[in-house]
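**Q** I have a structure I would like to understand better, so I am pasting it below and will then ask my questions one at a time.
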Amino acid sequence: MNSQMKIVFMGTPDFSVPVLKMLIQNYNVVGVVSQPDKPIGRGGKLGISPVKEVSLEHGIPIFQPNHIRKEYEEILKLQPDMIITCAYGQIIPKEILEYPKYGCINVHASLLPKHRGGAPIHRAIIEGDTKTGITIMQMDIGMDSGDILEQAEIPILDSDTAETLFDKLSELGATLLLETIPKIIEGKVVRRKQVEEEVTYAYNISKEDEKIDFTKTRREVYNQIRGLNSFPVAYTMLEGSRLKVFESKIGEEKDSFPFGQIVRIDKEGIGVSTKDGIILLTVIQPEGKKKMKASDYLNGCKNKESLLGKILG
């Protein structure tokens, strides 16, 4: 453990936890910054972030400013040599960026300059990318626009979901950061400017993004569903009720059906027409019920044949 190297870590969700744990094992983490506690569930009880849980377990001071642009003095009082951010959730002000001796370093879940922004993992799957990775970057005042320090790449498998890719990339981020920090300290890292002509953005998922668009191709619908599994989850509407869709399979080519029409119901699932054929909804969650296989849902229907011809949307 490098006890001389004082680090402040900034992060919030589960994705950030492997990075924080790695830093605690190897460096002197003098403070952790996370988003404020938020009400969860119907009771409105305040829930703490995964990063806060880890910091409390290790007795590390935790700071939770509502607006870090105005509430950063306590962080600077810790006199960090380096600040590491990973999925923190707020824009870091110039006063923090310019303070540490070794600067502010961000762990970003894409191969920058592609997919700048808050939802790079979801967007990579939804857009049909075949690879992604981790970028360790030197932060500046822009959104994920700083110099690239190191990158590591992994394939996106056809079976990957947002959840599986989150797990892979969070571990990769911790590993790559561990390799990169000594290079930064020793001045051996090679900084690369991002190519502005190659920049794309991965904006946060909106409510509109969650609704399945059956006017798209089978592959595009398949990517949308797995790119939102298991959070926030794609959905469609069936007879006025929300039907969440966790998993699907690409079915056969077929045309001459209205988009979103149920054209198959069998042991494989619920077959729905798209732009170029059928998408099979295989794992669903009807409103007010538990997540289940579509075949189990169909077995529980009193008159499942009546679903044929209905339009989802």
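The values are calculated or read from the model by the stated rules, or taken from the named source; none is laboratory data. Note that this is a predicted model, so its numbers are computed, not measured. Note that each Cβ is placed from the backbone with ideal geometry, even for glycine, and that neighbours are counted across all protein chains shown.
**Q** Select from the range 56-87 the residues that are within 11 Å of residue 8 (Cβ to Cβ) and of a type outside the set (A, V, I, L, M, F, W, C) and write down the one among them that is surrounded by the fewest Cβ atoms within 10 Å (Cβ to Cβ).
**A** That would be 77.
**Q** Just a yes or no: is a residue in the range 270-292 surrounded by fewer than 16 Cβ atoms within 10 Å (Cβ to Cβ), basic (Lys, Arg), free of Cβ contacts under 8 Å to residues at least 24 places away in the same chain and out of contact with any helix residue (DSSP H, G or I) (no Cβ under 9 Å at 6 or more places or on another chain)?
**A** There is at least one residue in the range 270-292 that is surrounded by fewer than 16 Cβ atoms within 10 Å (Cβ to Cβ), basic (Lys, Arg), free of Cβ contacts under 8 Å to residues at least 24 places away in the same chain and out of contact with any helix residue (DSSP H, G or I) (no Cβ under 9 Å at 6 or more places or on another chain).
**Q** Here is a follow-up. Take the residues in the range 145-193 that are part of a strand (DSSP E or B) and either outside the structural domain of residue 110 (by TED's automatic domain parsing) or of a type in the set (D, E, K, R) (or both); name whichever of them is nearest to residue 6 (Cα to Cα).
**A** This residue is 150.
**Q** Spot the failing condition for residue 253; the list is (1) crowded, with 19+ Cβ neighbours inside 10 Å; (2) over 19 Å from residue 227 (Cβ atoms), and only one is missed.
**A** (1)
**Q** Shifting gears a bit: Let me spell it out: the conditions are (1) in contact (Cβ under 8 Å) with a residue 60 or more places away in the chain; (2) within 15 Å of residue 86 (Cα to Cα); (3) out of contact with any Pro (no Cβ under 6 Å at 6 or more places or on another chain); (4) not acidic (Asp, Glu), and residue 184 meets all of them except one. Which number is the exception?
**A** Residue 184 satisfies every listed condition except (2).
**Q** Continuing with the same structure: Pairs only if they're at least six apart or on different chains, beta carbon under 6 angstrom, first in the range 114-125 and part of a helix (DSSP H, G or I), second surrounded by fewer than 24 Cβ atoms within 10 Å (Cβ to Cβ) and β-branched (Val, Ile, Thr); list them, first residue then second.
**A** Taking only residues 6 or more apart or on different chains, the pairs are 122/205.
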